[in-house]
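The values are calculated or read from the model by the stated rules, or taken from the named source; none is laboratory data. Not measured: the values here are computed from a predicted model. Positions of Cβ are generated from backbone atoms using ideal geometry, with glycine treated the same way; all protein chains shown enter the neighbour counts. Protein only, heavy atoms only, side chains kept; ligands, DNA and RNA dropped before computing areas. Shrake-Rupley method; radii C 1.70, N 1.55, O 1.52, S 1.80 Å.
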Amino acid sequence: LRDNMEEKPELESLYEHIEGNIGFIFTKADASDIRELLRTHVVPAAAKAGTFAQCDVNIPPGPTGMDPSMTSFFQALNIPTKISRGQIEIQNEVALLKEGQKVGSSEVALLQKLNIRPFSYGLGLVQIYEKGNVFSPKVLDIKDEDMIESIKAVLGEVQG
């Protein structure tokens, strides 16, 4: 990007948006189509200790498939269980993590034992660059009907 700034000064508007681990997608396709394509390529991911929860994580009640010898593991995490048909059963839904909370090693261990992959990873649009202008991806959510209603509202105010 820096190497091409002299040749294409309009690229400078992108520079302020470059932060962290990003990539560029160059295309002649519609940005809405690209966003939808990116959304289809999201993969589930296990929790990792030291990261922050992307969403709330709840453990559903029911059988775990785990041997009764693991009861102490659940007791250490204050998760109410009972033994049913030779396996540990979680009695009530458990709010394990809240969005933004730091993930600890005990939460990771529990999620691994229950084979729960609560998070996901994929690519997302951060900004859209077109003909020297930078836009938020939120502009892709604006429908023709929304524009027509906005124009009608403005015309109504002008007339009133």
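Only residues that are under 22 Å from Leu125 (Cβ atoms) and out of contact with any strand residue (DSSP E or B) (no Cβ under 9 Å at 6 or more places or on another chain) were counted in region 1-22, giving 10.
From the list Val126, Val154, the lone residue that is surrounded by fewer than 11 Cβ atoms within 10 Å (Cβ to Cβ) and among the aliphatic types (A, V, I, L, M) is Val154. Counting residues in region 63-82 that are of a type in the set (Gly, Ala, Ser), in contact (Cβ under 8 Å) with a residue 24 or more places away in the chain, more than 30 Å from Phe135 (Cβ to Cβ) and open to solvent by 40 Å² or more (accessible area, probe 1.4 Å) gives one or more. Taking first residues from region 131-160 that are closer than 25 Å to Arg39 by Cα and partners that are open to solvent by less than 80 Å² (accessible area, probe 1.4 Å) and among the basic types (Lys, Arg), the Cβ contacts under 9 Å between residues at least 6 apart in sequence or on separate chains come to Pro137/Arg35; Leu140/Arg35.
Among all residues of region 116-130, there is none that is part of a helix (DSSP H, G or I), touching a residue at least 12 places away in the same chain (Cβ under 8 Å) and not charged (D, E, K, R). One residue is enough: does region 29-36 have a residue meeting the conditions more than 26 Å from Lys113 (Cα to Cα), free of Cβ contacts under 8 Å to residues at least 24 places away in the same chain and either among the β-branched types (Val, Ile, Thr) or part of a loop (DSSP other than H, G, I, E, B) (or both)? Looking for residues that are more than 26 Å from Lys113 (Cα to Cα), free of Cβ contacts under 8 Å to residues at least 24 places away in the same chain and either among the β-branched types (Val, Ile, Thr) or part of a loop (DSSP other than H, G, I, E, B) (or both), one finds at least one in region 29-36, hence yes.
A Cβ distance below 6 Å, combined with a sequence gap of six or more or placement on separate chains, defines the contacts here; from region 1-28, residues that are among the small types (Gly, Ala, Ser) reach residues that are surrounded by 11 or more Cβ atoms within 10 Å (Cβ to Cβ) and not in a helix (DSSP H, G or I) in the pairs Ser13/Val134.
In a residue-by-residue description of region 63-77, the property of being out of contact with any Cys (no Cβ under 7 Å at 6 or more places or on another chain), within 30 Å of Glu16 (Cα to Cα), in a strand (DSSP E or B) and not hydroxyl-bearing (Ser, Thr, Tyr) applies to no position. Checking each residue in region 92-122 for being among the charged types (D, E, K, R), closer than 15 Å to Gln54 by Cβ and in contact with a Phe, Trp or Tyr (Cβ under 8 Å, 6 or more places away or on another chain) picks out only Lys102. One residue alone among Arg2, Arg35 is surrounded by fewer than 13 Cβ atoms within 10 Å (Cβ to Cβ) and over 17 Å from Leu110 (Cα atoms), and that residue is Arg2.
When Ala46, Ala53 are screened for being exposed (fewer than 15 other Cβ atoms within 10 Å of the Cβ), within 30 Å of Ser32 (Cα to Cα) and in contact with a Phe, Trp or Tyr (Cβ under 8 Å, 6 or more places away or on another chain), only Ala46 passes.
Within the set Gln54, Gln75, Gln87, the sole residue that is under 19 Å from the mean Cα position of the chain (by Cα) and of a type in the set (S, T, N, Q) turns out to be Gln54.
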